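The values are calculated or read from the model by the stated rules, or taken from the named source; none is laboratory data. Here the structure is a predicted model, which is why all the values come from computation and not from measurement. Heads up, the Cβs are rebuilt from the backbone with ideal geometry, glycines too, and the neighbour counts pull from every protein chain shown. Accessible surface areas use protein heavy atoms only, side chains included; no ligands, DNA or RNA. Shrake-Rupley method; radii C 1.70, N 1.55, O 1.52, S 1.80 Å.
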Amino acid sequence: MKISYNWLKEYVAIDLAPEKACEILTDTGLEVEGLHKIEAVKGGLKGVVVGEVLTCEKHPDADRLNVTTVNVGGEKPLQIVCGAPNVAAGQKVIVATVGCTLYPTPEEAFKIKKSKIRGVESFGMICAEDELGLGESHDGILVLPNDIEVGTPAATYFELDDDYEIEIGLTPNRADAMGHVGVARDLVAFLNVHENANLSLKMPSIDAFKGDSNDLKIDVSVENEDVCPRYMGTTIKDVKIEASPAWLQKRLRAIGLSPINNVVDATNYVMHELGTPLHAFDADKLNGKIVVKTASENDKFKTLDEVERELSSENLMITNGDENLCIAGVFGGLDSGISQNSTSIFLESAYFNPVSVRKTAKFHALNTDSSFRFERGVDPNMTEYALKRTALLIQEIAGGTIAMDVVDTNPNPIDSWTVDFDFERCNKLIGHDLPKEMVVDILTNLDIKIIEENGSLTKLSIPTYRVDVTREADVIEEVLRIYGFNKVPIPEKLNSSISYFQKPDKEKVQNVISEMLVGLGYTETLNNSLTKSAYIDELAGEILSNENSVKMLNPLSQDLDVMRQSMIFNALEMVAHNQNRQNSDLKLYEFGKTYHKYESGYTENKRLMILATGKKERENWNSSKDDNSFYTIKAIANAVLKRLGLVGLLKEKALKKSLLQDGVQLFVLKSKIGEIGWASSKMKKHFGIKNDVFIADLDWDAILDALKFSKIKYTELPKTFAVRRDFSLLLNSEVQFSEIENIARSCDKKILKEIGLFDVYEGKNLPEGKKSYAVSFKFQDAEKTLKDQQVDAVMNKIRTQLEGQLAAELR
C-alpha cells in the first residue's frame, strides 16, 4: 500500500524527517518496504535561477531572435540568445544555466549547453512555463515580479514541495491502516506515548453538509442484509464533470493513481484518506431506485474494463431493479459509471460482508482497491462520515447541490465489542513489567476505552475500526507494538529443555532423503493442498470419488474448492507450467499430504512424489541425449528405499486400478508403500503436456512405519570370490522382471546376493507373444568358497520354479 508523506501530514502536525517517520511506522507494525522521493518537477529545477535582463538587442542575423545580457547573481552577466517575443530589458526572468537539465515532460530530458546561435554565443536559456515542466503555455517567457532577488533558486521561488512515497507491506489484519488517517493514527499514538507530543488527528469537518432539496430522490432497498448490513447514499445534481484541480491530481499521482475526472477522483481520494471505498453512479441510469441483491446464475455483466463477465448466484450486485449496475464492493459497471455527460450522481457508501466480497473478487479473478479493503473489513460506522466527506468534496470541485436526504438502511451505529483485560497477564505475556500508567496511556491513544476496572482486571471497549482486536492477546499485542518490540530487554538467563524424539526421527529421515534427491539433481517443490474437484470427475472418476473429498465451506475459487486426494494432479500442473515456459526437462520431488473423508472420519496421509520428464541430463556437448524413462524413476525410488534399508524387504506387483499408467506397485512385507508409473495420454492431453511424465507416488507414512523392520547390520568384507551364473529365458510377453526376481529370492536367501536383467529382446525369430530375458545371478558366501554343486542346486531350483510358475523356457 502506498502513502504520500505530504498527504499524511494533513492529519497530524509533525515535522519529522521521512526516514524517521518510516522507522516509527515499522516499529509499530506497519512495515515500510520502500521510501521514494517524488519531485514536484522532475530534476527539481537544479541549476535554474532568477535572473534580471540587463540589455536586450536584436540579433544581427535573425529577425526573431534577441541577444540579451542577464544578471544571475554571478561575477559577470551571461549572454543569452532568446527567441521569446516578450523578452525586454529590466525584466526578472527564470534562467536555466549551462549544465543543468530540464524536463519539459517527465520522459523528455533537455540539457542546457553552451551554444552558438546564428554566430552569436549563448550561455543559458530564458525559460517559458512549458520548458520548466510547470505547465503547457509557450506564449512567451515567464516574467516575474520585480521584487524577487536575483540568484534565487527557481525551486525556492515556485515553492516546489517534494513529496515522499511510503510503501507499506500491510498485513491482512491491519484493516484500520488502509488509509492515510489510519497510518496517521499510529504516528499520533507513538509520538504521544514516547515524546509527550500531545498530538491529535486532524479530521476534515463535515459540519457543512446539508440537504439542499429532495428533488432527486432514489429509493434504496437491500434484499440480502446478511451480505450488506449497511447501505447509505445521497444524490448531487448539477455537477460539472471535468478534470480535477491540480492539488487533487497531485495527491493521487503521489500514490500511483491516475486522475480520471473530478467526481471519480473525489471517491478515490476519500477511499485512500479514510480506507472506506465509495462509488458514484450516474443518477440518470438508475430509474429512480437502487436494489441490492444477488445475481441470477450465468447472468452477463460488462464491467468498467469492458470485459463481459458471467455472474454467479452468490455475487452481490447493485442494480436498478432490472439491470445490474455494479459488482458490490468489487468493480463498477461500464454503463452506469460517471461520464463527461453526467450531470447528476448517486453517491454510495456501504458496508459489505468481507467473506462475500472476497469470494466474488476471487470468482472473477479481480483485485481492486475496493475489494482489497472490503474483504479485510472496513469500519461500518465510518460509512456516514465517508459519504458526507465525499459529497462535500464533490461540491467543492464539481459544484452541484445535495438533492436527496441521506438514506441509511441501518441508521443505528454498530456497537463496539468488549474485551476483558488483565494488566498482570499483559506484563507476563510481554515478558517485561510496564507501568500501569503507560499501558493506560497506550490504550487511550489507540481509542481503546476502559469501561470497568477492578484492580488489575478491566473491561475494554474496542473501536469498530479495529476488526482484528477481539481477544485479550490482541490488546496485549497492541500495547507491545506501541511500546516497542525493541524495548523489551533480552533476558540474561535462557532456559532450555532436552527434547525427546521418537524413533525414527521423522524430520531427520525426511532431510536425509531430501539431501539425497537434491544430490541426484532433483528439485524440491511445494504445492497448494487445495485443488479443484473437476480433476477427479474428468480424469479419475474410476479411481477416486469426490464423495471422499474434503470440501471447502467458502472456496476462494472453483479451482481451489477441495483438499487434494492425490499429489499427481499438482505434479502435472507443475510440468505444464514449466513446459509452457520452455523448461521441459524436469526432475522434481515433493513431500506433502493428501486428504480424504470417510464415514469413519477425516484422514491425512503424508506422501513423497518424485517425477522425471524430458532429457535425463541438461543439454551440453558431452551430456547424454537420452530421455528419462520408467526405469529412471524406478531407479530413483529404489535408491530411496535402499537408503532407508528397505530394499531387501521390497516386493513388486503389477499396477492395478491406479491414476498412473502401467508400472508397478511396491510392497514391504504385506504393506503397500507406493506406485511407480507414468501419466496416461488422457492426463497429458488434459494438461497440454507433450513429453512422457514418469512418477513415483510413495506413501511416506507407510514407509516410516516400515522402518521398524529395517535393522542395521554390520558385516565384515567377504573373504571369498563371488560366482555368477546366467539364464537366457523365453517368456510370455506379460511377464515382468519383478516376478522373476521374487521367485529367485524365494528359492534361496543365504548365498543368492544379486539378480540383474542385462538384456531384453522382442521381435524377429521369436514366437508371437514371447520375449527373451537374459538374467544374471550372483552368489557368494562370506565365510567359504562356494562349490559348483551348491550353486547348481540353487540354479536348478530357480529354473524349476520359473518353468512351473511362469512357463519359462531356457534358450
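Counting only Cβ charges, +1 for Lys and Arg and -1 for Asp and Glu, the dipole size of region 712-774 around its Cα centre is about 360 debye.
With +1 on each Lys and Arg Cβ and -1 on each Asp and Glu Cβ, how big is the dipole of region 198-242 about its Cα centre, in debye rounded to the nearest 20?
Details: 6 positive and 9 negative charges, 59 e Å.
The calculated dipole for region 198-242 is roughly 280 debye.
Projecting the Cα atoms of Gly431, Val48, Ile676 onto the dipole axis of the chain, where Lys and Arg carry +1 and Asp and Glu carry -1 at the beta carbon, places Ile676 farthest toward the positive end.
Set the Förster distance to 25 Å, then compute FRET efficiency between Ala17 and Arg253 from the Cβ-Cβ distance, nearest 0.05. Rounded to the nearest 0.05, the efficiency is 0.65.
Once the piece of chain linking Lys217 and Lys625 is laid out straight, how much longer is it, given 0.36 nm per residue of separation minus the C-alpha distance between them? Could the numbers behind the result be given before it?
Values: separation 408, 0.36 × 408 = 146.88 nm, distance 7.64 nm.
Extra length from Lys217 to Lys625 when fully extended: 139.2 nm.
Here the chain exposes an accessible surface that is 47 percent carbon and sulfur, computed with a 1.4 Å probe and the other protein chains kept in place. Using a cut-off of 18 Å between Cα atoms, the listed pairs Lys771/Lys797; Lys436/Lys487; Lys606/Lys634; Lys58/Lys116; Lys76/Lys114; Lys719/Lys750 include Lys771/Lys797; Lys606/Lys634 as exceeding that distance.
Taken per residue, the accessible surface of the chain reaches 52 Å², heavy atoms only and a 1.4 Å probe. Residues of region 779-811 with an amide N closer than 14 Å to a point placed 7 Å from the Cα of Ala654 along the Cα-to-Cβ direction: 806-807. For the chain, the residue among Asn486, Gly400, Asn198 whose Cα projects farthest onto the positive side of the dipole built from Cβ charges is Asn486. Residues of region 763-798 with an amide N closer than 16 Å to a point placed 7 Å from the Cα of Asp726 along the Cα-to-Cβ direction: 772-779. Taken as Cα centroids, region 764-811 and region 658-687 sit 29 Å apart, rounded to the nearest whole angstrom. Its Cα centre serving as origin, region 589-673 has a Cβ charge dipole (Lys and Arg +1, Asp and Glu -1) of approximately 320 debye.
Simple spin-label estimate for Asp420 and Ala89 gives 9.1 nm between the two label positions (7 Å along the Cα-to-Cβ direction from each Cα). Label separation (Ser710 vs Tyr598): 2.6 nm, computed from points 7 Å beyond Cα along the C-beta direction. Here the relative contact order of region 416-505, from alpha carbon pairs under 8 Å that lie six or more residues apart, stands at 36 percent.
Normalised by 2.2 N^0.38 Å, with N the number of residues, the alpha-carbon radius of gyration of region 152-290 equals 1.36.
Can you compute the FRET efficiency between Ser496 and Leu429 using 1/(1 + (r/R0)^6), with r the Cβ-Cβ distance and R0 = 22 Å? Round to the nearest 0.05. Display every interim value, and only then the final one.
Numbers: r = 20 Å, r/R0 = 0.92.
Efficiency for this residue pair is about 0.60.
Projecting the Cα atoms of Val723, Gln790, Ile712 onto the dipole axis of region 703-811, where Lys and Arg carry +1 and Asp and Glu carry -1 at the beta carbon, places Ile712 farthest toward the positive end.
The residues neighbouring Ser213, those whose beta-carbon lies less than 10 Å from its own, together hold a net charge of -1 under the Lys/Arg +1, Asp/Glu -1 convention. Placing R0 at 51 angstrom, the Cβ-Cβ distance between Glu121 and Ile260 gives a FRET efficiency of 0.60 after rounding to 0.05.
Straight-distance candidates among the aspartates and glutamates for linking to Lys20, with alpha-carbon spacing under 18 Å and chain neighbours fewer than 8 residues away dropped: Glu10, Glu31, Glu33, Asp162, Asp163, Glu165, Glu167, Asp186, Glu195. Loop-located GluC sites (Glu not before Pro) across region 633-729 with a Cβ neighbour count of 13 or fewer within 10 Å are Glu716, with loop assigned by DSSP. Relative to the longest principal axis of the chain, what angle (0 to 90°, nearest 10) does the C-alpha long axis of helix 262-274 take? So the helix axis and the longest Cα principal axis differ by about 70 degrees.
Across region 213-279, the mean sequence separation of Cα contacts (distance under 8 Å, 6 or more residues apart), normalised by length, yields a relative contact order of 21 percent.
Return the percentage of antiparallel bridges among DSSP beta bridges fully within region 577-711, rounded to the nearest 5 %. Before the final figure, lay out each step's value.
On the way: 37 of 37 bridges.
Around 100 percent antiparallel, to the nearest 5.
What do you get for Rg/Rh of the chain when both radii come from the Cα atoms and Rh is the Kirkwood radius? Walk me through the numbers before you get to the answer.
Numbers: Rg = 38.8 Å, Rh = 34.5 Å.
With Rh from the inverse mean 1/r over Cα pairs, Rg/Rh is 1.13.
May I ask for the percentage of alpha-carbon pairs in region 433-540 that lie more than 19 Å from each other?
Details: 4065 of 5778 pairs.
Counting pairs separated by more than 19 Å, the tail of P(r) holds 70 percent.
Between the alpha-carbon centres of region 91-166 and region 538-610 there is a gap of 64 Å. Taking all Cα pairs closer than 8 Å and separated by 6 or more residues, the relative contact order of the chain comes to 8 percent. Take every DSSP beta bridge whose two residues both sit in the chain, then give the antiparallel share in percent to the nearest 5. Looking only at bridges with both residues in the chain, the antiparallel portion is about 95 percent.
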